[in-house]
Each structure stands twice: as structure tokens, then as C-alpha cells.
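Written out below as C-alpha cells is the structure these notes cover.
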Amino acid sequence: MTVLALTGGVGGAKLALGLAQVLEEKEVVFLVNTGDDFEHLGLKISPDIDTLTYTLAGIENRTTGWSREGDTLNFLSALEELGGETWFRLGDKDLALHAMRTNLLREGESLTGATAHICSALGVKHQVLPMSDDPVRTVVTTTEGALPFQEYFVRRKCEPAVSRIDYEGAEAARLNPCLKLDEISSVIICPSNPYLSVDPLLSINELSEFLRNTSVPVVAVSPIVRGMALKGPTAKLMKELGFEADARNVARHYQPFIKGFVLDHQDREYISDVERLGLQATALQTIMRTLDDRIELAKQVLEYCSTAFAN
């Protein structure tokens, strides 16, 4: 049986790395958000897949959490000299990965196949799956109009206020065919942005129906601690969408899909509120500053899945 970990980029990749450290290759599969994917300078870019791949390979930029450690910006500097668009920061080594993916896709490979090729080349042995080989694109409706995700997130630095989020293509998108739902023993939703990183996954009908109806433990880890996002604009986004930014509202957002919820120990006062939603809840140390933190949280979440929901 296999643990299914749903993850977005930097925040989710931290726990994903912990899971990869304690579980064998066949014991966990990472299903990754592709709503952030886009084409830039003629290249097919999958930011969340790349962040997880670099993290599992041990070559991520540990300052930013994304891109590659020690990368250079020679291409970007030359592009700027030519008057090209440089708002999306492409390192030279990162550029090579995007070029490889683009070439594989043009030759007829699926995104799943291209991801497997890149992971293998970088020494990643755990299975990393795009949520779908069909395009799903996150579009954010803001005070500046509807913006494609990367325009909102990178170019505009999440500054415009958000009133709505759509996942274009989700209704027609098929869940990754390599994911064997009948082999899943538990599901962990990593501490990624619920609206921008996890909801694109949940927008795929086959996955959302599985989560709603499965008998296996489904546990989400909160990305909010004491009203603050561990990474990214989650707290700002929640307030703009009309929700108080706290772990209780993250649990409420996931309620239709989960059986258990993990809060940070600093938010243990909310456990009873979460339990009133009909969920089980536990408080753990969820802030992951070191590799040991990531491993310890992974162990504790796995233990929670195996004991709290035992029949």
C-alpha cells in the first residue's frame, strides 16, 4: 500500500522531503499541482513540479526554496540587454531543465513521462506525478482583472486583491493515469496554499470524489500558524476572500475531503473548533526549519494516520 501526498511548491515540498526520507520509493507517491504551469519564452514551465524535484534531489536553492542552488543568471542578463522580458527569473541550469521538458513534450512525451525522465536524470527515485497530463490553469480574478497565475504571483507579486480563483480546464482534466487509487493506504495534504496549490488538485473530479468517499485516512497539515502563512500569500488571500486567516478556516475549507487535521502546537486552542467540524485533530510542531524538523513531522503525521483512524 502507498501513501499519497498532495503538494504544491515550497511549503509542501518541505514535508514531502521529510516523507521521502522516511518512506521507501514504493511507499509514497507525490501528486503535484500543475495549475501554475505556463509557457514563457517558448518554454514549458512547471514550477511546483520543479521545486519538488529539486528538493528531493537535494539541489534546491535553500534561501528561496525554489530554483537551483548556485545557479547563474547569464541568460537572463543577456536577455535583458536584448530588451526581453525578465520578470520571471530563469537561472541557467533551470533553463536547461525547461528546455529538456519542452523538447520531450514536442516529441510527443506526456508531462508525466517528461517528469519521470527529469527526476531520473537528477537522481530522484520517489515517484513524482503531475496531477494530470491535461492542462489545468489557475486564473485569479483581482482588482486588476483576471490574471494568469504567474502574472499574479510573480509579475505582480500577489499585490492585487483577489475576489475569485478559477481552475480552467479542470472539468475536462483526467487524473494522472499512473496513480493507482486502489493502492492508496492514506492521503496527506502537505502544508501548501489551500487555494492556489491544493485546490487545483481538488478541482479534478476523480480525485475529489475519491477523497470524499474513501475509507482511508485523509489528513491535511495547516500552512497557517498563529494567523500567519509559513510561506507565500495564504493569509493575505484568505482575508481577501472573506475568511479570517487561521487554522480553523483552513480545516473548514478542507472539511469535505479530510478526516483529520494537523495544527501547529501554537494553535492547539483550536482543536475543539476543528473537532466540531466532525474532524479529528492533533497539534504538532509544524514549522520546519531544518531537515530534522521535516523528518520528525513526517514521522508524526504518518503515525497519526496509522493510529488515530484505526478501526
Inset, instruction - Over all alpha-carbon pairs of segment 112-184, lay out the pair-distance distribution in 10 Å bins, whole %, shortest bin first. - result: 18, 31, 30, 19, 2
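Give the carbon-plus-sulfur fraction of the accessible surface of segment 31-98 in %, rounded to a whole number; probe 1.4 Å, heavy atoms of protein chains only.
Numbers: 1490 of 2970 Å².
Ligands and nucleic acids excluded, carbon and sulfur reach 50 percent.
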Legend entry - DSSP beta bridges in the chain [antiparallel fraction, %, rounded to 5]: 40 percent
Legend entry - All-pairs alpha carbon distance profile, segment 174-311, 5 Å steps from 0, percent: 2, 10, 20, 23, 21, 15, 8, 1, 0
Legend entry - For segment 284-298, Karplus couplings with θ = phi - 60° (6.51, -1.76, 1.60), whole Hz, Gly/Pro x: 9, 7, 9, 7, 10, 8, 10, 4, 4, 4, 5, 5, 5, 5, 4
Legend entry - Qualifying GluC sites (Glu not before Pro) for segment 195-289 [loop in DSSP, other Cβ within 10 Å: at most 16]: Glu244
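Can you count the Lys pairs in the chain whose Cα atoms are under 14 Å apart, with each pair 8 or more apart or on different chains? Please report the intermediate quantities before stating the final value.
On the way: Lys14/Lys231; Lys14/Lys299; Lys26/Lys125; Lys26/Lys180; Lys157/Lys231; Lys157/Lys236.
Count of close lysine pairs: 6.
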Inset, instruction - Give the long-range amide H neighbours of Phe38: residues separated by 5 or more places, or on another chain, with amide H under 5 Å away, using H modelled in the peptide plane at 1.01 Å from N. - result: Ile45
Legend entry - Most fluctuating residue given options Leu41, Leu263, Leu19, as computed from a GNM of the chain linking Cα atoms under 10 Å: Leu41
Inset, instruction - Taking the chain as the reference, fit the longest principal axis to its C-alpha atoms, fit the long axis of helix 47-57 to the helix C-alpha atoms, and give the angle between the two in degrees, 0 to 90, nearest 10. - result: 80 degrees
Legend entry - With Cα atoms, 0 to 90° folded angle of helix 10-22 axis to the chain main axis: 70 degrees
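For the peptides 53-61, 287-295, 228-236, 115-123, what is the packing order when you average, over each peptide's residues, the other Cβ atoms within 10 Å and list the highest mean first?
Details: 53-61: 20.2, 287-295: 14.4, 228-236: 18.2, 115-123: 16.3.
Ranking the peptides 53-61, 287-295, 228-236, 115-123 by packing returns 53-61, 228-236, 115-123, 287-295.
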Legend entry - Rounded percent of accessible protein surface that carbon and sulfur make up, segment 200-280, 1.4 Å probe: 46 percent
Inset, instruction - Hey, can you find the accessible area per residue of the chain for me, probe 1.4 Å, expressed in square angstrom? - result: 44 Å²
Inset, instruction - Between Gly242, Gly83, Gly42, find the one with the highest GNM mean-square fluctuation for the chain; connect C-alpha pairs within less than 10 Å. - result: Gly83
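Compute the signed sum of charges (Lys and Arg +1, Asp and Glu -1) over the other residues within less than 10 Å, Cβ to Cβ, of Met238. Can you show the working numbers first?
On the way: positive: Lys236, Lys239; negative: Glu240, Glu244, Asp246.
Charge balance in the 10 Å sphere: -1.
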Legend entry - In Hz, Karplus ³J(HN,Hα) per residue of segment 225-242 (6.51, -1.76, 1.60; θ = phi - 60°; x = Gly, Pro): 10, 6, x, 10, 7, 5, 7, x, x, 4, 5, 4, 5, 4, 5, 5, 8, x
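Express in nm, to one decimal, how much length is gained between Thr64 and Thr141 on full extension, taking 0.36 nm for each residue of separation and deducting their alpha carbon distance. Before the final figure, lay out the partial values.
Details: separation 77, 0.36 × 77 = 27.72 nm, distance 2.65 nm.
My answer for the length gained is 25.1 nm.
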Legend entry - Kirkwood Rh and Cα Rg combined as Rg/Rh, segment 36-167: 0.97
Inset, instruction - Give me the Debye-computed log₁₀ of I(q)/I(0) at q = 0.06, 0.07 Å⁻¹ for the chain, equal point scatterers on Cα only, no solvent, two decimals. - result: -0.18, -0.25
Inset, instruction - Collect residues whose amide H, placed 1.01 Å from N in the peptide plane, falls under 5 Å from the amide H of Ile184; neighbours closer than 5 in sequence don't count. - result: Thr2
Legend entry - Amide H within-cut-off set for Met131, under 5 Å, with H built and near neighbours excluded: Val32, Thr34
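Pull out the extension gain between Lys299 and Met100, defined as 0.36 nm times the separation in residues minus the alpha carbon to alpha carbon distance; nm, one decimal.
Values: separation 199, 0.36 × 199 = 71.64 nm, distance 3.50 nm.
Contour length minus the Cα-Cα distance gives 68.1 nm.
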Legend entry - Between helix 111-121 and the chain: long-axis angle, C-alpha atoms, 0 to 90°, nearest 10: 80 degrees
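Which order do the peptides 45-51, 140-146 take when ranked by the mean count of other beta-carbon atoms within 10 Å per residue, highest first?
Working: 45-51: 24.6, 140-146: 14.9.
Top of the packing list down: 45-51, 140-146.
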Inset, instruction - Name the most mobile residue of Ala99, Ala172, Ala78, meaning the one with the largest mean-square fluctuation, in a Gaussian network model of the chain with Cα contacts below 10 Å. - result: Ala78
Inset, instruction - Calculate one ³J(HN,Hα) per residue across segment 92-99 by plugging θ = phi - 60° into the Karplus curve 6.51 cos²θ - 1.76 cosθ + 1.60, and present them in order as whole Hz with x for glycine and proline. - result: 5, 5, 4, 4, 4, 5, 5, 5
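The values are calculated or read from the model by the stated rules, or taken from the named source; none is laboratory data. Quick caveat: nothing in here was measured; it's all calculated off a predicted structure. Ideal geometry is used to build each Cβ from the backbone, glycine not excepted, and the neighbour counts take in all protein chains shown. Remember, those area values only see protein heavy atoms, side chains included, never the ligands or the DNA or RNA. Shrake-Rupley method; radii C 1.70, N 1.55, O 1.52, S 1.80 Å.
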